[in-house]
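Chemist: Can you read through this structure? Questions will come right after.
The values are calculated or read from the model by the stated rules, or taken from the named source; none is laboratory data. Keep in mind the model is a prediction, meaning the values are calculated, not measured. Here the Cβ positions follow ideal geometry from the backbone for every residue, glycine too, while neighbour counts run over all protein chains shown.
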Amino acid sequence: MWTEENNQLKRVFLFKDFKTAFTFMTKVARLSEKQKHHPLWTNEYNKVNIYLSTHDAGNIITNKDRTLALAIDKVFNKTIKL
């Protein structure tokens, strides 16, 4: 579930291992390129934190962020998780 924090959408994704987390990140990277909207994220072993805001709009949450969040959720739902 995405939460709103500090003018960003935030979500933590957990996977069974690093390889699965990295595969997810690769898919999200391709998706982000298509949408021309890129997340701030961190990765530690099987955990990926994603933060979304629109820089061009003054670092606030916009429809671009909500659209990308929904698309990321679809990728996550097709990925092997914990």
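Chemist: Run residue 37 past the list (1) part of a loop (DSSP other than H, G, I, E, B); (2) loosely packed, with under 14 Cβ neighbours inside 10 Å and report the number of the one that doesn't hold.
Modeler: It is condition (2) that residue 37 fails.
Chemist: Further question: What do you reckon, is residue 28 at pLDDT 95 or above and either in contact with a Pro (Cβ under 9 Å, 6 or more places away or on another chain) or buried (at least 17 other Cβ atoms within 10 Å of the Cβ) (or both)?
Modeler: yes
Chemist: I'm checking my understanding of the structure. Among residues of the range 1-25 that are surrounded by 14 or more Cβ atoms within 10 Å (Cβ to Cβ) and among the β-branched types (Val, Ile, Thr), which one is farthest from residue 71 (Cα to Cα)?
Modeler: The qualifying residue farthest from residue 71 (Cα to Cα) is 20.
Chemist: Scanning for something touching a Phe, Trp or Tyr at 6+ places or on another chain (Cβ under 6 Å) and within 15 Å of residue 73 (Cβ to Cβ), does the range 22-39 turn up at least one residue?
Modeler: Looking for residues that are touching a Phe, Trp or Tyr at 6+ places or on another chain (Cβ under 6 Å) and within 15 Å of residue 73 (Cβ to Cβ), one finds none in the range 22-39, hence no.
Chemist: State the number of residues belonging to the range 46-59 that are farther than 17 Å from residue 2 by Cβ and either modelled with pLDDT of 95 or more or among the basic types (Lys, Arg) (or both).
Modeler: Qualifying residue count for the region: 1.
Chemist: For the range 60-67, check the following and say yes or no: at least one residue is within 14 Å of residue 4 (Cα to Cα), among the polar types (S, T, N, Q) and loosely packed, with under 13 Cβ neighbours inside 10 Å.
Modeler: Yes, the range 60-67 contains a residue that is within 14 Å of residue 4 (Cα to Cα), among the polar types (S, T, N, Q) and loosely packed, with under 13 Cβ neighbours inside 10 Å.
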